[in-house]
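Notes to accompany the following structure.
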Amino acid sequence: MAFDIDMIKKVYSEVAERVDAAREITGKPLTLAEKILYSHLWDGKAEKAFTRGKDYVDFAPDRVACQDATAQMALLQFMHAGKPKVAVPTTVHCDHLIQAKVGAEADLKRANENSNEVFDFLESVSNKYGIGFWKPGAGIIHQVVLENYAFPGGMMIGTDSHTVNAGGLGMVAIGVGGADAVDVMAGMPWELKFPKLIGVKLTGKLSGWTAPKDVILKVADILTVKGGTGAIIEYFGEGATSMSCTGKGTICNMGAEVGATTSTFGYDESMDRYLRATDRADVADAANKVKEYLTADPEVYANPEQYFDQVIEINLSELEPHLNGPFTPDLATPISKMSEVAKENDWPLNVEVGLIGSCTNSSYEDISRAASLAQQVSDKKLKTKSKFTITPGSEQVRYTIERDGYIDTFDKIGATVFANACGPCIGMWDRYGDNAADGPRNTIVHSFNRNFAKRADGNPNTLAFVGSPELVTAIAISGRLDFNPLTDTLINEEGEEVRLDEPRGYELPPEGFAVEDAGYIAPLEDGTGVEIKVSSDSERLQLLEPFDPWDGKNITGAKLLLKAYGKCTTDHISMAGPWLRFRGHLDNISNNCFIGAVNAFNKQTNFVKNQLNGEYGGVPDVQRVYKAEGIPTVVVGDHNYGEGSSREHAAMEPRHLGVRAVIVKSFARIHETNLKKQGMLGLTFDNENDYDLIQEDDTFNFIDLNEFAPDKPLHIEVVHADGSKDTIKVNHTYNAQQIEWFKAGSALNLIKRQNA
Ligand code: F3S
């Protein structure tokens, strides 16, 4: 059921020839990332060397994975492509639509009742088109992929930004929008700008309280949320090989938080062990036969400065546990400094909830190490001060940790075990009922990956800090953000001073993994007879209408809809949480368009001026007025616009509502591509300071859009309320093909036309 060994063997049978050809053509030793990229070229063997950070290259990924929130739109789009079956192995995972509230069983039951229409839709589309289906409760996409599908040297794409998690098993795995997934499922090449390469040399060895999570928290500190943009991060060195495969997965997972295209590790014994433990000895055997092609050439790691665009070195023996946050994953504080830093910033020291698990950190190793601390609560007569929750990454992990007594251990400290699903990590956490927006100022710590405002519980006043599962557990036991388990003691129920012993665990279950029902449903061999039903009055699903093609004229008279101030992530553009239920209904979900973005003119969210009547209103409402009047609009933003996730809704919603162009200081890669796929104009200010020229009542007239061409800046006349004008120069990264998408109205319009 799980993996396609024939596909993997085919990849390995070609890897030597393809890598050797790439080495010859580039005239240099190759990094692992380059080996994987060059061995997955759409056209086969390399015929030219690509320039990193510049050339757009067509690739042939081996797999596609979709989660339920993004799969709805991806599959709705795929249905439009006119194909009988997916062209590459594809899976759908139901994990995002399960709200955490009471505990696994009740929450799963409620999700199955509330979202059965969507789950049924996904299951029937999967059945029809040859897609493997993981039902609700089976697990979180990235954990399930790591356990079943990831393989060293492979390339996959997934409709979720943490697809990069599979780098822990030596893949190049990249998060994309649904539109990219549709290309690959439809048998088309997948295009990516050839990434730059960042090498991270790990010396020393992790020990004591320090965990793989701390490596990536430190990398986030060094690179910041945009430092990895457009790059693949490749980890190497003795510190890398001494780490577990799942620990590598955690590090790669959070590579998304530094904006990296993906992250990866060379094949080593930890991966061999993990493959065998997860019932894939045949993949390990096949990988061992070509292992020199599944890691970089030795010269690369001996002289990394020569072969990577940037090199970072971290000594794991000296690395301290970190907590990153609040509100951004790159604000790193070593635990020894937390007491001082928290007081300086007036962060609430009382920790309300500690949450472990998620796709980032729910390996057997993570859970067993955290459980070793939970066990000390009764051993040392302590009482856990914070609430505590566990979100297992898969049914296989959950079943195994239950068998091995860890769930019992957590139960004893009053923990709630949530369903094997995303839950609190994506805002699907019913913590406050309907009162999340006015929730109290409070602190939580979790082992997830993101901590943007409102991400976990919808409360803008929750300060969320990210740490390793072991540190989160220790902090939850103490109830204090400033508790440093390396040096601090706790007072137990008997008034004695006790210290927590260092966490201990197992890389892999000593008794092996076990599961009764993993939750997988294989598709029919021939699904042509499967009927897919979407009710016309459904509020969750809506069949798509194609976007209008470009009329070939300059866009003129466009009004400014929103000038976004500061961070404008995909969460700000298309908020998650309760809105996830409308992911398959473009018109309904468009009612969340930009409601989280801050208006630069009044610093408020969802409060913009309607230039037609001077009144202020919510962004979607104001935009719908412009749409009804047939008036195009423009959105302006700051740096790294669209960072965060791969959700193409953040591009489709503005497009659906009639926004024509987004002009920013810089884009996050996935979102920029998503805008292009949906036929939007994603442009950057040539002079960043022009952002300051934009006024609330501005009107935009494109001057030379009718000459839209690769590498050619565009010019826009900006007319201010007093009649004065500025002409601004804007840049773009559209190649010839992407300009065709714009002209056709969307990439999908073009695919359909080509299939006709
Ligand atoms: Fe889900 Fe959070 Fe991972 S939303 S896929 S658990 S990043």
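The values are calculated or read from the model by the stated rules, or taken from the named source; none is laboratory data. These figures come from a predicted structure and were not determined experimentally. No Cβ is skipped: glycine too gets one built from the backbone with ideal geometry, and neighbour counts run over all protein chains shown.
Just to be sure I understand the filter: pairs with C-beta atoms under 7 Å, separated by 6 or more residues or on different chains, first member in region 429-448 and farther than 30 Å from P212 by Cβ, second member surrounded by fewer than 20 Cβ atoms within 10 Å (Cβ to Cβ) and at pLDDT below 90. Which pairs pass?
none
Please verify whether I728 is surrounded by 15 or more Cβ atoms within 10 Å (Cβ to Cβ), more than 18 Å from V662 (Cα to Cα) and hydrophobic (A, V, I, L, M, F, W, C), treating the condition exactly as stated.
Judged against the criteria, I728 is not a match.
Can you tell me which residues in region 42-61 are under 20 Å from G130 (Cα atoms) and either crowded, with 24+ Cβ neighbours inside 10 Å or among the β-branched types (V, I, T) (or both)?
Matches in region 42-61: P61 only.
Criterion first (without any contact (Cβ under 8 Å) to a residue 60 or more places away in the chain and at negative phi) does D704 satisfy it?
In short, no.
Looking for something crowded, with 24+ Cβ neighbours inside 10 Å, within 14 Å of the ligand (Cβ to nearest atom) and not assigned by TED's automatic domain parsing to the domain that holds A284 - is there at least one such residue anywhere in region 201-213?
yes
If we scan region 526-543, do we find a residue that is among the hydroxyl-bearing types (S, T, Y), over 30 Å from P632 (Cα atoms) and either at pLDDT 95 or above or not in a loop (DSSP other than H, G, I, E, B) (or both)?
Taking every residue of region 526-543 in turn, none turns out to be among the hydroxyl-bearing types (S, T, Y), over 30 Å from P632 (Cα atoms) and either at pLDDT 95 or above or not in a loop (DSSP other than H, G, I, E, B) (or both).
Enumerate the strands (runs of 3 or more DSSP E) found wholly within region 83-184, keeping only those where 2 or more residues are touching a residue at least 40 places away in the same chain (Cβ under 8 Å), within 15 Å of the ligand (Cβ to nearest atom) and not assigned by TED's automatic domain parsing to the domain that holds R655.
Result: 90-93, 155-158, 172-175.
In region 699-725, what residues are surrounded by fewer than 18 Cβ atoms within 10 Å (Cβ to Cβ) and within 35 Å of the chain's Cα centre (by Cα)?
Once the filter is applied, which keeps residues that are surrounded by fewer than 18 Cβ atoms within 10 Å (Cβ to Cβ) and within 35 Å of the chain's Cα centre (by Cα), region 699-725 yields A709, P710, D711, K712, P713, H715.
Given region 356-437, what helices (runs of 4 or more DSSP H) lie entirely inside it while holding 3 or more residues that are under 27 Å from the mean Cα position of the chain (by Cα)?
364-379, 395-403
How many of the residues making up region 397-423 are out of contact with any strand residue (DSSP E or B) (no Cβ under 6 Å at 6 or more places or on another chain) and either within 16 Å of the ligand (Cβ to nearest atom) or closer than 19 Å to A464 by Cβ (or both)?
Qualifying residue count for the region: 5.
Using the structure shown, decide if S468 is away from the ligand (no atom under 15 Å from the Cβ), surrounded by 24 or more Cβ atoms within 10 Å (Cβ to Cβ) and modelled with pLDDT of 95 or more.
For S468, the condition - away from the ligand (no atom under 15 Å from the Cβ), surrounded by 24 or more Cβ atoms within 10 Å (Cβ to Cβ) and modelled with pLDDT of 95 or more - is met.
Applying the selection to region 702-744, what residues are farther than 16 Å from P549 by Cβ and basic (K, R)?
Passing the criteria: K712, K725, K729.
If you scan region 535-552, which residues turn out to be surrounded by fewer than 15 Cβ atoms within 10 Å (Cβ to Cβ) and within 25 Å of K676 (Cα to Cα)?
Those that are surrounded by fewer than 15 Cβ atoms within 10 Å (Cβ to Cβ) and within 25 Å of K676 (Cα to Cα): L543, E545, P546, D548, D551, G552.
State the number of residues belonging to region 44-61 that are over 18 Å from E14 (Cβ atoms) and either free of Cβ contacts under 8 Å to residues at least 40 places away in the same chain or not assigned by TED's automatic domain parsing to the domain that holds E14 (or both).
2
Considering (1) in a helix (DSSP H, G or I); (2) under 24 Å from the mean Cα position of the chain (by Cα); (3) at pLDDT 95 or above, say which one V625 fails and leave the rest.
(2)
The rows are residues; the columns are (1) within 22 Å of H142 (Cβ to Cβ); (2) within 16 Å of the ligand (Cβ to nearest atom); (3) polar (S, T, N, Q).
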{"position": "V283", "(1), (2), (3)": "yes, no, no"}
{"position": "Y293", "(1), (2), (3)": "no, no, no"}
{"position": "Y301", "(1), (2), (3)": "no, no, no"}
{"position": "P304", "(1), (2), (3)": "no, no, no"}
{"position": "E318", "(1), (2), (3)": "no, no, no"}
{"position": "P329", "(1), (2), (3)": "yes, yes, no"}
{"position": "S339", "(1), (2), (3)": "no, no, yes"}
{"position": "N350", "(1), (2), (3)": "no, no, yes"}
{"position": "I356", "(1), (2), (3)": "yes, yes, no"}
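If a residue has to be within 30 Å of A476 (Cβ to Cβ) and not acidic (D, E) to count, how many in region 278-330 make the cut?
15
Going through region 60-82 one residue at a time, which ones are out of contact with any helix residue (DSSP H, G or I) (no Cβ under 7 Å at 6 or more places or on another chain) and either in a loop (DSSP other than H, G, I, E, B) or farther than 25 Å from H656 by Cα (or both)?
The answer is A60, R63.
Would it be correct to say that G519 is touching a strand residue (DSSP E or B) at 6+ places or on another chain (Cβ under 8 Å), small (G, A, S) and closer than 30 Å to S368 by Cβ?
yes
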